[in-house]
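Taking it in order: structure first as structure tokens, then the write-up.
The values are calculated or read from the model by the stated rules, or taken from the named source; none is laboratory data. Just so you know, these numbers come straight off a predicted model, no measurement behind them. Quick reminder, even Gly has a Cβ in these numbers, built from the backbone with ideal geometry, and neighbours come from all protein chains shown.
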Amino acid sequence: MYIILKNSATSQEIETLKSYIINNGHGVIETTDYNVKKIGIMGKNGGVTKESLKKFSIVDEVVKIGKPFKFVSSEFKSEPSIIEVKGRKIGGDNMVIMAGPCSIENREMILETAKVIKENGCEYLRGGAYKPRTSPYDFQGLGEEGLKYMREAANKYDLVMVTEVMDTREIEIVGQYTDIFQVGARNMQNFSLLKELGKTDKPILLKRGMSATLRDFLMAAEYIVAFGNKNVILCERGIRTFEIATRNTVDINGIALLKEKCHLPIIIDASHGTGKRSLVEPVTIGCILAGADGAMIEVHANPKCALSDGDQTLNYKDFGKTCEKIKKTLAFRKELKEIN
Ligand code: PEP
Ligand code: MN
């Protein structure tokens with residue numbers, strides 16, 4: 001359920017209404033949807049009713065949300081959300097490229113990669129310090145040491161840092177370094193992790209689980225929002241299908257549909273989505289045309305020697321070319337939008 005407020009509502013009146021809702025056992029979430037102020041009422045077990053809310057003079061309408069995913073839905077907010085982090089904006093037509101190695105391997109490599117990313121006009125540095133590897137015998141990441149190197153590189157080149165947190169016990173340490181928490185595909189339905197991240201104040205990049213339906217995906221995002229953090233960025237990274245010619249199958253339908261069904265920004269990660277270097281650029285471009293708000297791309301000085309995911313990683317030169325094409329794609333998408 002959510003409330004549409006009258007334009008005339010003062011902040012004092014809004015606070016009084018919010019206190020009433022909270023004192024009756026609900027959570028609240030505020031938003032502005034194309035200049036209309038709304039208050040979402042969270043939780044089923046509180047005592048607020050439609051009738052009781054209508055007694056407040058600032059309440060214009062009380063609307064029930066039909067969908068199981070409520071406050072991430074475009075039913076609640078039809079205006080696409082823009083998430084701000086360190087003065088950058090994710091969503092809208094801003095160019096968002098989150099790039100970097102699969103794993104932080106050492107200090108020099110992350111500093112060098114960060115430099116290349118900056119030189120290509122990108123503003124987000126990705127890299128894993130805590131790695132969810134299929135085999136326990138594979139490189140597991142540098143842990144806190146990796147976070148330190150990555151923070152140094154992000155600071156040196158004024159980039160926004162994005163790194164994965166795998167466990168509730170690591171939120172504190174990862175949070176000391178990162179700007180955006182990444183939840184990996186394998187943890188999309190780790191509800192304890194989602195709840196705890198909901199209590200943090202940093203944006204969350206939520207990757208789609210490899211066998212998650214779009215509904216599961218949105219419900220996972222809803223968990224984070226329901227626990228207090230509205231700043232969720234979705235990331236399509238491919239799902240498992242019967243097709244084994246590529247590592248995963250990127251759900252381009254899903255991207256277009258999510259743009260209709262929810263207001264959160266969506267990033268395409270065609271590196272994990274395809275598992276194949278040569279497919280990263282065309283699939284990224286296709287998904288941006290379908291509505292994705294940005295891309296995640298794995299980059300390494302020498303992908304063949306990367307400690308993880310080398311086959312899907314671009315070298316610096318190819319990365320530069322792909323960035324150019326993404327820029328042009330965004331400009332072209334703008335032109336397409338103008339045709340009605
Ligand atoms: C990653 O981004 O490094 C990663 C492990 O991705 P995913 O969770 O999508 O497999
Ligand atoms: Mn990877």
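Structural remarks
- Taken as a whole, the stretch 53-73 holds no residue that is closer than 22 Å to G198 by Cβ and within 16 Å of ligand 2 (Cβ to nearest atom).
- Only residues that are in contact with a strand residue (DSSP E or B) (Cβ under 7 Å, 6 or more places away or on another chain) and assigned to a helix (DSSP H, G or I) were counted across the stretch 18-56, and they come to 6.
- Some residue of the stretch 250-262 being within 30 Å of L142 (Cα to Cα), in contact with a strand residue (DSSP E or B) (Cβ under 6 Å, 6 or more places away or on another chain) and of a type outside the set (D, E): no
- Close pairs (7 angstrom Cβ cut-off, 6 or more residues apart or separate chains): not assigned by TED's automatic domain parsing to the domain that holds Y124 in the stretch 292-307, within 12 Å of ligand 1 (Cβ to nearest atom) anywhere: none
- Residue in the stretch 76-94 that is among the β-branched types (V, I, T), more than 27 Å from I326 (Cβ to Cβ) and part of a loop (DSSP other than H, G, I, E, B) present: no
- Meets criteria (in contact with a Phe, Trp or Tyr (Cβ under 8 Å, 6 or more places away or on another chain), surrounded by fewer than 24 Cβ atoms within 10 Å (Cβ to Cβ) and modelled with pLDDT of 95 or more) for K156: no
- Any chance D158 is outside any helix (DSSP H, G or I), more than 13 Å from ligand 1 (Cβ to nearest atom) and either in contact with a His (Cβ under 6 Å, 6 or more places away or on another chain) or touching a residue at least 12 places away in the same chain (Cβ under 8 Å) (or both): yes
- Flag if K131 is within 16 Å of ligand 1 (Cβ to nearest atom) and in contact with a Lys or Arg (Cβ under 8 Å, 6 or more places away or on another chain): no
- Residue within the stretch 216-234 that is surrounded by 24 or more Cβ atoms within 10 Å (Cβ to Cβ), away from ligand 2 (no atom under 16 Å from the Cβ), β-branched (V, I, T) and assigned to a strand (DSSP E or B) present: yes
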